[in-house]
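So the structure is just underneath, and the comments pick up after that.
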Amino acid sequence: QSALTQPASVSGSPGQSITISCTGTSSDIGGYNYVSWYQQHPGKAPKLMIYDVGNRPSGVSNRFSGSKSGNTASLTISGLQAEDEADYYCSAYTRTNKRIFGGGTKLTVL
Amino acid sequence: EVQLVESGGGLVQPGGSLRLSCAASGFTFSGYDMSWVRQAPGKGLDWVSGLSGSGASTYYADSVKGRFTISRDNSKNTVYLQMNSLRAEDTATYYCARGGVGAEDFEYWGQGALVTVSS
């Protein structure tokens, strides 16, 4: 099962909104509503930010939102803040009953 | 508060073995599936293995099947990853995570244990 496709990098200025895409196939993203997003700061462990396409765990800012259309999922961060600068990974359930990850996107806050 | 603390990482020669441990606290350990996810230096996340709360069902990535064994001791709130026949490409930080079996999300993560396979 190939990894999901994410842009290598995105950037935005404080206060702006950015969107990170995650493209898969009908065997993963397109087939199930089990897409999640993880934030990872340098040298730290990943943190779950979005689950089941568009749900936020308790404690995650409502500036983070997720959606899906066909075989592509998206993470949107609104009101960008300096602390949002991190790597972001998408993950999806696949028909092989396993989870796969995207290659990761580095978010730079200008 | 959920806490996951990995230990057992280190430097090992190619072909060698290493056992990672992950001590869990802050939740009813036996009620949750657990997984190991690795991250090679400067690379992305890669699911390695998972097992059910009872330990009866185990799952492996093709890249480690037959070489790695996942297990748990619910009396000690600990999950293990026995790694044999290690290769240079197994060099990574190994994270313990709650969930990650089947459609489950990786809800909580430990801080990771670095495994370096080199002669």
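What the table below lists for this structure:
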quantity	calculated
Threshold 10 Å² - residues in the stretch B:34-48 whose accessible area is reduced by that much or more when the chain is no longer isolated, probe 1.4 Å	B:Q39, B:G44, B:L45, B:W47
Calculated P(r) tail over 26 Å for the protein assembly as shown, as whole % of Cα pairs	36 percent
Cα gyration tensor, chain A - rounded (a/c under 1.5), prolate or oblate	prolate
Packing rank of B:2-14, B:73-85, B:98-110, B:44-56, where each peptide gets the mean count of other beta carbons within 10 Å, highest leading	B:98-110, B:44-56, B:73-85, B:2-14
Solvent-accessible surface (1.4 angstrom probe) belonging to A:I18, in square angstrom, nearest 10	10 Å²
Greater than 28 Å apart at Cα, pairs in A:K44/B:K76; A:K106/B:K65; A:K106/B:K76; A:K68/B:K65	A:K106/B:K65; A:K106/B:K76; A:K68/B:K65
The stretch B:21-64: C-alpha gyration tensor shape, a/c 1.5 cut-off, then a/b vs b/c	oblate
Cα centroid separation - the stretch B:59-85 against the stretch B:26-41, whole Å	11 Å
Test item: Cα-centred dipole of the protein assembly as shown, Lys/Arg +1 and Asp/Glu -1 on Cβ, debye	280 debye
Computed accessible area, A:K106, all protein chains, 1.4 angstrom probe, square angstrom	100 Å²
Under 18 Å from B:K43, Cα to Cα: aspartates and glutamates that are on another chain or at least 8 residues apart	A:E85, A:D87, B:E89, B:D90
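The values are calculated or read from the model by the stated rules, or taken from the named source; none is laboratory data. Quick caveat, the model's predicted, so the values are computed rather than measured. Positions of Cβ are backbone-derived with ideal geometry, glycine not excepted, and every protein chain shown enters the neighbour counts. These accessible areas exclude ligands, DNA and RNA; they are computed on the full protein's heavy atoms, side chains included. Shrake-Rupley method; radii C 1.70, N 1.55, O 1.52, S 1.80 Å.
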